1. Restricting to the range 240-250, name every residue that is hydrophobic (A, V, I, L, M, F, W, C) and surrounded by fewer than 18 Cβ atoms within 10 Å (Cβ to Cβ).
2. Could you list, in sequence order, all residues of the range 529-556 that are part of a loop (DSSP other than H, G, I, E, B) and farther than 14 Å from residue 518 by Cα?
3. How many residues are open to solvent by 40 Å² or more (accessible area, probe 1.4 Å), at pLDDT 85 or above and not β-branched (Val, Ile, Thr) when one looks only at the range 251-271?
4. Taking the condition more than 17 Å from residue 279 (Cα to Cα), among the polar types (S, T, N, Q), touching a residue at least 60 places away in the same chain (Cβ under 8 Å) and open to solvent by 50 Å² or more (accessible area, probe 1.4 Å), does residue 214 pass?
5. Pick from 542, 535: which is over 17 Å from residue 461 (Cα atoms) and open to solvent by less than 40 Å² (accessible area, probe 1.4 Å)?
6. Counting just the residues of the range 572-607 that are buried (at least 17 other Cβ atoms within 10 Å of the Cβ) and at pLDDT 75 or above, which one comes out nearest to residue 428 (Cα to Cα)?
7. Is it true that some residue in the range 203-215 is over 28 Å from the mean Cα position of the chain (by Cα) and more than 27 Å from residue 231 (Cβ to Cβ)?
8. May I ask you to list pairs of residues, at least six apart or on different chains, whose Cβ atoms are under 9 Å apart, with the first in the range 493-520 being at positive phi and the second being modelled with pLDDT under 85?
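The values are calculated or read from the model by the stated rules, or taken from the named source; none is laboratory data. What you are looking at is a predicted structure, and each value in this text was computed from that prediction instead of being measured. Note that we place each Cβ from the backbone using ideal geometry, even for glycine, and neighbour counts take in every protein chain shown. Side chains are part of the model used for accessible areas, which takes the heavy atoms of the whole protein and leaves out ligands, DNA and RNA. Shrake-Rupley method; radii C 1.70, N 1.55, O 1.52, S 1.80 Å.
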Amino acid sequence: MGTGKNLKMRKSLEEQLTQGWRSLGMPLSRPKSCSPSRPTLLPAASCWRCKCLLPLCSLGSVVYDCFEAALGSEVRIWSYTQPRYEKELNLTQQLPDCRGLEVRNSIPSCWALPWLNVSADGDNVHLVLNVSEEQHFGLSLYWNQVQGPPKPRWHKNLTGPQIITLNHTDLVPCLCIQVWPLEPDSVRTNICPFREDPRAHQNLWRAARLRLLTLQSWLLDAPCSLPAEAALCWQAPGGDPCQPLVPPLSWENVTVDKVLEFPLLKVHPNLCVQVNSWEKLQLQECLWADSLGPLKDDVLLLETRGPQDNRSLCALEPSGCTSLPSKASTRAARLGEYLLQDLQSGQCLQLWDDDLGALWACPMDKYIHKRWALLWLACLLFAAALSLILLLKKDHAKAAARGRAALLLYSADDSGFERLVGALASALCQLPLRVAVDLWSRREMSAQGPVAWFHAQRRQNLQEGGVVVLLFSPGAVALCSEWLQEGVSAPGAHGPHDAFRASLSCVLPDFLQGRAPGRYVGACFDRLLHPDSVPALFRTVPVFSLPSQLPDFLGALLQPRAPRPGRLQERAEQVSRALQPALDSYFHPPGTPAPGRGLGPGAGDGT
């Protein structure tokens, strides 16, 4: 405590003690050598020590050592003599708080914690508290409210240095942090570091909800206060934007957790509430749809009243408000005469009314019922046509149920490569694919011939919406180059059952005439051939390197019914496990010449 403050308190206590003892009839004379009384109030480690020197040196002093009292509180000292006299001595003293420098340095509960740092790590936020290992402190997260008490979110007592991780989805502008030492009457440090964080403002609107209390009252529920205004809009079925009813209604300022009411006579499921902030739509909910049912195909009529009892009507439509009657080509204009008749006969529901106008909801159900006969006839015709189409597509539907057809074409470079192709075909059969490859049809191909066999397979494949897979190898690249007059055929590249060479006569015209995309897919093995080595003409369709690009390769094969990415990755891993033994057997360890090396351009080094 400062010197001036001590002196003032001492004089006050001295005067009160002197008056108190005088009232008790005690003598107040003292020798000249006696010092004046000096009552003191001293802070101790966790309590207060009060020493009151009595006015007469011969009587001594009274020391209260020590008693607990809260910082900044008011202390009352009550004393009397023994035996007890009628009059007593009562003293009331205001204790200083932690703002006093001497008190702050001598009371542990006034010691402030080190600075609290807030850092970002990607989508997470770290709260870093650099305190000693012996320091015990409390940490609390709460929503600071402009009106009302704070809303606690999380509290924990901790020890030593700590790093608390918050997910970015938990951040809102009013999220505050309170830290304090675990000492009696300690000072609590509060910071609110997310007031200007854009992510916190986005999360605030994601958490905001409109809550219907009664049929005509509602409120905005959000963690923090926010500037907003609300208005009614009309949501017609069909997915068109909700049309604000301003005018004739007006925007209303919104306060979080404060009940609001719109001046409605009746409510309707198509009435929705729009909430804007800084002229941007942030929230829209059709509050009455749950209690009144789904959206109705009603027409909203806006009545405008002018001077001398003049009034005009228009029907709210996605294109605007159509005046009634009107010769426009909109639905409301065509039914304008009937809508006016319904309004005059009282069949429309009045939603709002004041001196400037009114809102009416007119049902359209009866006009729709008049067209049911034509609709039923159209449905019968459609059903008959659909049945005919289903009969014609019966075989195609059966094929689709078994999976997409895939015709695998390759160049028989050597027996090892044929075994690798067979392993790939077997692995693909584990998927919803119907794989055709000449390895499994040698008897048919020998009887029909490679060209006839390929033509039959290709025609059936394309009729069923299948895909042709061109598996490129050095030998296949050499054959393609020969057909394209870019090189010569590789020795031994075409055997008695080489359907690839026979297929080029039909495959090349599809690529030259632009019919290949969507029907063909290219592939090659990682360590055998680079996709850039495939002739440019065949790179007009996707060419995948296996097994590194298995997910994309399988996605292209399974189109248009490709599974979701997670399921596709699982199937790619399944095919990779089935294919790996054949790859390990084909590609020898480092230092051993790899099969197929040097058979054509772009051959890998086998490592």
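1. Going residue by residue through the range 240-250, those that are hydrophobic (A, V, I, L, M, F, W, C) are 242, 245-246, 249.
The answer is 246, and nothing else.
2. Restricting attention to the range 529-556, the residues satisfying the condition of being part of a loop (DSSP other than H, G, I, E, B) are 530, 534-535, 541-542, 547-549.
Listed by number, the residues that qualify are 530, 534, 535, 547, 548, 549.
3. Filtering the range 251-271 for residues open to solvent by 40 Å² or more (accessible area, probe 1.4 Å) gives 251-253, 255, 257-259, 261, 263, 265-266.
Next, only the ones that are at pLDDT 85 or above stay: 251-253, 255, 258-259, 261, 265-266.
Now restrict to residues that are not β-branched (Val, Ile, Thr): 251-253, 258, 261, 265-266.
Number satisfying all stated conditions: 7.
4. Working: more than 17 Å from residue 279 (Cα to Cα): yes; among the polar types (S, T, N, Q): yes; touching a residue at least 60 places away in the same chain (Cβ under 8 Å): no; open to solvent by 50 Å² or more (accessible area, probe 1.4 Å): yes.
So residue 214 does not fit the description; no.
5. Values: 542 fails: open to solvent by less than 40 Å² (accessible area, probe 1.4 Å).
Of the residues listed, the single one that is over 17 Å from residue 461 (Cα atoms) and open to solvent by less than 40 Å² (accessible area, probe 1.4 Å) is 535.
6. Top of the filtered list is 575.
7. Step one: filter the range 203-215 for residues over 28 Å from the mean Cα position of the chain (by Cα), giving 214-215.
Next, only the ones that are more than 27 Å from residue 231 (Cβ to Cβ) stay: none.
Among the residues of the range 203-215, not one is over 28 Å from the mean Cα position of the chain (by Cα) and more than 27 Å from residue 231 (Cβ to Cβ), which makes the answer no.
8. 518/559
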